[in-house]
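Worksheet for the structure shown next.
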Amino acid sequence: MSTFTLAEAKAQLSRLVSMVESGEEVTITKRGRAVVKLVPSDPPRQKMPSLAEHRAQMTPQQESAGEFIRKLRESDRY
C-alpha cells in the first residue's frame with residue numbers, strides 16, 4: 001500500500017489511478033492523517049439477457065391455459 005500527500009496526489013493522479021488499476025491500494029493523507037483510500041472497484045456486472053428476447057425464443061403453447069389446467073386435474077398425476 002502506497003501513501004501520498006494530497007499535493008502529491010493532485011500532481012500524480014493519473015499515476016495513482018494506474019497503480020490502483022493494477023491492484024495496488026493507495027492512501028492519500030492530509031496534514032498527516034489518512035483521508036482517502038483508493039482501491040480497485042468491483043468488476044462490472046454481467047448484463048442479463050432481455051426477458052423479451054427469452055420469450056421470443058419460446059414456442060407458443062398449443063392449448064389454452066384453462067384446457068391445460070383441466071387436463072392436469074383430470075390426469076392421475078394430480
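Observations
- Note on the chain: with a GNM built from Cα contacts shorter than 10 Å, the maximum mean-square fluctuation among Gln62, Gln46, Gln12 falls on Gln62.
- Translational diffusion coefficient of the chain (Stokes-Einstein, Kirkwood radius from Cα pairs, 37 °C, 0.692 mPa s): 183 µm²/s.
- Cα-centred dipole magnitude for the chain, charges only on beta-carbon of K, R (+1) and D, E (-1), debye, nearest 20: 440
- For a straight C-alpha distance cut-off of 22 angstrom, the lysines reachable from Lys37 (same-chain residues fewer than eight places away being disregarded) are Lys10.
- Spin-label zone in region 30-62 - amide nitrogen under 16 Å from a point set 7 Å from the Cα of Lys71 along the C-beta vector: 59-62
- Helix axis angle, 65-74 relative to the chain longest principal axis, alpha carbon, degrees: 70
- Residues whose amide H falls under 5 Å from that of Leu38, counting only those 5 or more places apart or on a different chain, are Val26, Thr27, Ile28, with hydrogens built in the peptide plane.
- Remark: C-alpha extents of region 33-72 on the principal axes read 73, 20, 11 Å, sorted largest to smallest.
- Net charge over other residues, Cβ less than 14 angstrom from the Cβ of Glu21 (K, R count +1; D, E count -1): -2
A short reminder: the numbers here are calculations on the coordinates, not readings from a lab. This structure is a prediction, so every number in the text was calculated from the model and none was measured. Here the Cβ is made from the backbone with ideal geometry for all residues, glycine too, and neighbour counts use every protein chain on show.
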